[in-house]
1. Mind listing just one residue for me: the one in region 55-74 that is small (Gly, Ala, Ser) and surrounded by 16 or more Cβ atoms within 10 Å (Cβ to Cβ) and, of those, nearest to residue 101 (Cα to Cα)?
2. Any residue in region 43-60 that is closer than 19 Å to residue 117 by Cα sitting within a Cβ distance under 6 Å of a residue that is among the β-branched types (Val, Ile, Thr) and surrounded by 24 or more Cβ atoms within 10 Å (Cβ to Cβ)? List the pairs, counting only those 6 or more apart or interchain.
3. Quick one: would you say residue 52 is crowded, with 20+ Cβ neighbours inside 10 Å and of a type in the set (Gly, Ala, Ser)?
4. Determine which member of the set 74, 165 is more than 14 Å from the ligand (Cβ to nearest atom), part of a strand (DSSP E or B) and out of contact with any Pro (no Cβ under 7 Å at 6 or more places or on another chain).
5. Counting only residues that are within 13 Å of the ligand (Cβ to nearest atom), surrounded by 17 or more Cβ atoms within 10 Å (Cβ to Cβ) and of a type in the set (Val, Ile, Thr), how many does region 26-49 have?
6. Among what's in region 1-55 and is of a type in the set (Asp, Glu) and in a loop (DSSP other than H, G, I, E, B), pick the residue that is nearest to the chain's Cα centre (by Cα).
7. Among the listed residues 119, 138, 128, identify the single one that is of a type outside the set (Gly, Ala, Ser) and under 18 Å from residue 172 (Cα atoms).
8. Can residue 23 be described as near the ligand (Cβ under 10 Å from one of its atoms), touching an Asp or Glu at 6+ places or on another chain (Cβ under 9 Å), among the hydroxyl-bearing types (Ser, Thr, Tyr) and within 23 Å of residue 121 (Cα to Cα)?
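The values are calculated or read from the model by the stated rules, or taken from the named source; none is laboratory data. Here the structure is a predicted model, which means the values were calculated and not measured. Here Cβ is always computed from backbone atoms with ideal geometry, including for glycine, and neighbour counts include all displayed protein chains.
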Amino acid sequence: MIELNKDLQKKHHHRKWLPKYITESGILIETGTHTGEGVEAGLAFGYKKVISIESNEKFYTEAKMRFYEEIGCGKVELHLGESGKLLPIILSGLHGKRLTFFIDAHIGGARSPILEELDAIKGHSSKDHIIMIDDYSDYVNKYYRISIRQVIEKLYELNSDYKFGFEETSKGLNVMIAIV
Ligand SMILES: C[S@@+](CC[C@H](N)C(=O)[O-])C[C@H]1O[C@@H](n2cnc3c(N)ncnc32)[C@H](O)[C@@H]1O
């Protein structure tokens with residue numbers, strides 16, 4: 001069982017800034033589960049619950065085994081499917097809650113569903129979510145053929161009061177944080 005755990009915090013030291021962005025709900029929503037490192041880091045740094053979406057069935061199935069206990073006690077919820085399609089359904093069950101998002105679903109070189117994901121977040125009743133966007137530089141370089149300008153314009157559609165900050169990962173200052 002993963003709990004606030006010094007060894008795991010050490011393992012995920014490149015995400016040591018995660019606790020700063022825990023909201024009153026304590027819920028972290030991640031797009032792109034992959035092997036589950038983000039889920040583990042979220043729990044290790046104090047999120048009460050991590051909800052994660054993965055489109056690749058192999059990764060989803062492996063993560064379900066990895067977090068078997070946490071799923072059983074409601075600390076982890078995993079979903080198989082496209083984040084842009086599933087987010088509206090998941091968010092409809094979280095009415096009125098302020099959430100933290102970790103936007104990290106992409107397939108190397110191919111595409112990022114970020115604009116659909118932000119549209120889904122825009123449809124939620126709360127307008128003050130904390131939105132963390134991983135791989136910021138890929139939007140600056142238009143790696144996914146989506147520019148950082150498009151991302152910021154979409155965030156301003158959600159709430160024109162968003163302010164932006166950055167956090168460091170193993171790849172440098174590469175997580176953009178939108179916060180109200
Ligand atoms: C960079 S990895 C995620 C890493 C993970 N968040 C972490 O912190 O360790 C990106 C993942 O997004 C998944 N993915 C790509 N497109 C997706 C989509 N539309 N919906 C959900 N997952 C998607 C990929 O299969 C891949 O496992």
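1. Across region 55-74, the extreme among qualifying residues is 55.
2. 50/39; 50/76; 51/29; 52/33; 52/39; 53/31; 54/33
3. So residue 52 fits the description; yes.
4. 165
5. 4
6. So the residue we want is 24.
7. Sole residue among the options that is of a type outside the set (Gly, Ala, Ser) and under 18 Å from residue 172 (Cα atoms): 138.
8. Against the criterion (near the ligand (Cβ under 10 Å from one of its atoms), touching an Asp or Glu at 6+ places or on another chain (Cβ under 9 Å), among the hydroxyl-bearing types (Ser, Thr, Tyr) and within 23 Å of residue 121 (Cα to Cα)), residue 23 does not qualify.
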